[in-house]
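Quick notes on the structure that follows.
The values are calculated or read from the model by the stated rules, or taken from the named source; none is laboratory data. Since we're looking at a predicted model, the values are computed, not measured. We place every Cβ from the backbone using ideal geometry, glycine too, and count neighbours over all the protein chains shown.
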Amino acid sequence: MKNKNNNKGSSSQIKWYKKDSAQAILMLAPMLIGFFLFTYAPIGYILRYAFFKSNGFKETFIGLENFVRVFTRDLPYWKSLNNALILTFGKLAVEIPLALFLAVLLNKGRKGTGFFRVAFFLPTVISAAIAGLIYSLMFGSFNGIVNEILQSAGLIERSINWFSTKGTALFVVGFASVWNNFGINMIFFLMALQSVPKELYECADLDGVNPIQRFFKITLPMIGPTFQVVLLNAIVGSLKMADLILSTTNGQPGGKTEVVMTYVFKYFFGYDGRAIEIGYASAMAIVTAVILALISSIYMKLSNKLGNSY
Amino acid sequence: MRYLRTKKFSSRVLFYLVLTAVFIVTIFPVFYTLMGSFKSNMELLTDGGRIIPSKFIFDNYKEAWKLANFKQYTYNSLFLAFFIVVGTIITSTVAGYVFERGNFRYKNIIFGMVISSMFVSLGSLTLYPQLMIAKAFGINTSLWGVIIIRVLGMNVTNLFITRSYIRTISVEIDESAKVDGCSFFRIYRSIIFPLLKPLIATLAILTFRFAWNDYLMPMVFTLSSPERMPLVVGIMNLKGSGAAASSWNLMLAGSSIAVIPMIIVYLIFNRYFIQGLTAGAVKG
């Protein structure tokens, strides 16, 4: 009798289990379909088209020709990749130390720090495209406020035509990008700093450690893991920059400020009067993805010491 | 003693001086844009050195709203953001719940595939195939295409946030509901979802920021139909058009229309912004 009951119980449990798992799958199904359709299928699409020549209507199989073209005949592609690297490392060399410095200041908990924290984060909520628009107005050659300020301060004699040379144009883009992003990194650092035990600093104070030693010997190692992740996100995010370039220079002058994402994008969509070359764009997309993955993994290898610093 | 006190005082002065300098550089572009939106186009083109407009012109807004289609753009932005926010809240919480509490075959494999998409993601490089797939379903010329891709595309960060949040809810609640005859879905709807309120606020804010500011995807979905463009796309469209130089006043009025709601939302809910970002990026 007892045995029978037990059996009944477990079989109904199995029924329950089956019903629940069916429901779980049903609940997840729309997302799974959407996910495979819009995340994995596009990757498959690109992998296929990389071996074709296609303008969106007609396609012919051309084997590895697209890849041969990327590696041997497309200097502008590599220049655009180089620009993305220059821009990324140039801007992060300012952005990351600035964010960390401000986080350390704000972590002192003096009066008014809450106000400054809210203010510094504010540019982060503004669209990168709009940020680009604002900066191209501010750095305008004839009517820009930046030229006016520099002139009235006596720093320059004539207005600088910021967007006419590669160097100055990339400087403006980098400036805008730092403005648009430093707040987020600052918040990450601030959170990490707040979790550093106060006792460590107290001990250090007793030992007579100076502020610079304190920063490099205690603060930096303690926030190492956060630092590693924040820097990775910042590097990958900056290499993938597209909106800001499209809304400021759009690759001008003469394609010299094109970054890799906008360069490939324009081949896909024939933006800016370029011919649509889906096959070739797909091949470039694959090469770019592999390069980004390589950069990330090299970074992770090199920065492991930072991540495991305590 | 006095030496120490003056040293402390001067370090405090330095502290506020540095922060104020950064504050000015941070806020100035926003302030300049807002002020610029009241300037005449003539003043914008010839007298950019002036910060406060010589005469406040409110017609820029009127003109942008009525003639330059910004009324429609604003409506589109609200439409896009609303459905993406609501949809994302549902899909993220459902996905987080199913992956945390559900039991079915291949769960871990599926979860692994979702997570690994984070590493193969190509960003804007998959926009074209996404558009083509949307075309196959006939949703490539409306904002619904963007909404469906964003909502069903499973944002890995959101998934991590909800999953770890649901983990903190005691499993005993589920089990006692099960004993009372609640089905798996019913537990989600009546028990888990209501308990997620604080998280939902965070999700809503982050998703709103993302949807409202998104540029490239809505742009490629509305290339041929300007009447469907959201604000950011509409403004950029104006910049790319031949009349760019003569419409700075409209672009700035438009930018203000795009930026002000976002800033207000941020100032009211800034706590949630910061919570959500840190939960997603560092702990996730």
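A few notes on this one:
- Evaluation of A:Val209 against (1) away from every other protein chain (no Cβ under 14 Å); (2) buried (at least 16 other Cβ atoms within 10 Å of the Cβ); (3) among the aliphatic types (A, V, I, L, M); (4) part of a loop (DSSP other than H, G, I, E, B) (one fails), failing number: (2)
- Options A:Gly34, A:Gly44; residue that is more than 7 Å from every other protein chain (Cβ to nearest Cβ), closer than 30 Å to B:Glu100 by Cα and under 26 Å from the mean Cα position of the chain (by Cα): A:Gly44
- Filtered residues of the stretch B:188-233 (kept if away from every other protein chain (no Cβ under 14 Å) and either more than 30 Å from A:Ile25 (Cβ to Cβ) or in contact with a Leu (Cβ under 6 Å, 6 or more places away or on another chain) (or both)): B:Ser225, B:Pro226, B:Glu227, B:Arg228
- Residue check for A:Val104: surrounded by fewer than 21 Cβ atoms within 10 Å (Cβ to Cβ), assigned to a helix (DSSP H, G or I) and at pLDDT below 85: no
- Total residues in the stretch B:91-111, condition of a type in the set (S, T, N, Q) and buried (at least 19 other Cβ atoms within 10 Å of the Cβ): 3
- Candidates in the stretch A:45-82 are the residues that are touching a strand residue (DSSP E or B) at 6+ places or on another chain (Cβ under 7 Å) and without any contact (Cβ under 8 Å) to a residue 40 or more places away in the chain; of these, the one that is nearest to A:Ile291 (Cα to Cα) is A:Phe61.
- Residue match in the stretch B:132-143 (condition: closer than 28 Å to B:Ala258 by Cα, part of a helix (DSSP H, G or I) and either within 11 Å of chain A (Cβ to nearest Cβ) or in contact with a Phe, Trp or Tyr (Cβ under 9 Å, 6 or more places away or on another chain) (or both)): yes
- If you go through the stretch A:107-137 and keep only what is among the aromatic types (Phe, Trp, Tyr) and either at the interface with chain B (Cβ under 8 Å from one of its Cβ atoms) or touching a strand residue (DSSP E or B) at 6+ places or on another chain (Cβ under 7 Å) (or both), you end up with A:Phe116, A:Phe120, A:Phe121, A:Tyr135.
- Filter result for A:Arg158 (outside any helix (DSSP H, G or I) and either of a type in the set (Ser, Thr, Tyr) or at the interface with chain B (Cβ under 7 Å from one of its Cβ atoms) (or both)): no
- Scanning the stretch A:223-240 for residues that are without any contact (Cβ under 8 Å) to a residue 60 or more places away in the chain and under 21 Å from A:Val173 (Cβ atoms) turns up A:Asn233, A:Gly237, A:Lys240.
- Members of the stretch B:112-130 found to be free of Cβ contacts under 8 Å to residues at least 40 places away in the same chain and either of a type in the set (Gly, Ala, Ser) or surrounded by fewer than 19 Cβ atoms within 10 Å (Cβ to Cβ) (or both), listed by number: B:Gly112, B:Met113, B:Ser116, B:Ser117, B:Met118, B:Phe119, B:Val120, B:Ser121, B:Gly123
- Residue match in the stretch B:117-131 (condition: in a loop (DSSP other than H, G, I, E, B) and at pLDDT 85 or above): no
- One residue alone among B:Ile57, B:Ile27, B:Ile51, B:Ile110 is assigned to a loop (DSSP other than H, G, I, E, B), farther than 24 Å from B:Pro218 by Cα and either charged (D, E, K, R) or within 9 Å of chain A (Cβ to nearest Cβ) (or both), and that residue is B:Ile51.
- Restricting the stretch A:249-298 to residues that are within 21 Å of the chain's Cα centre (by Cα), of a type in the set (Val, Ile, Thr) and within 10 Å of another protein chain (Cβ to nearest Cβ), the residue that is farthest from A:Ser141 (Cα to Cα) is A:Ile286.
- Within the stretch A:107-128, if we keep just the residues that are in contact (Cβ under 8 Å) with a residue 60 or more places away in the chain and in a helix (DSSP H, G or I), the residue that is farthest from the chain's Cα centre (by Cα) turns out to be A:Arg117.
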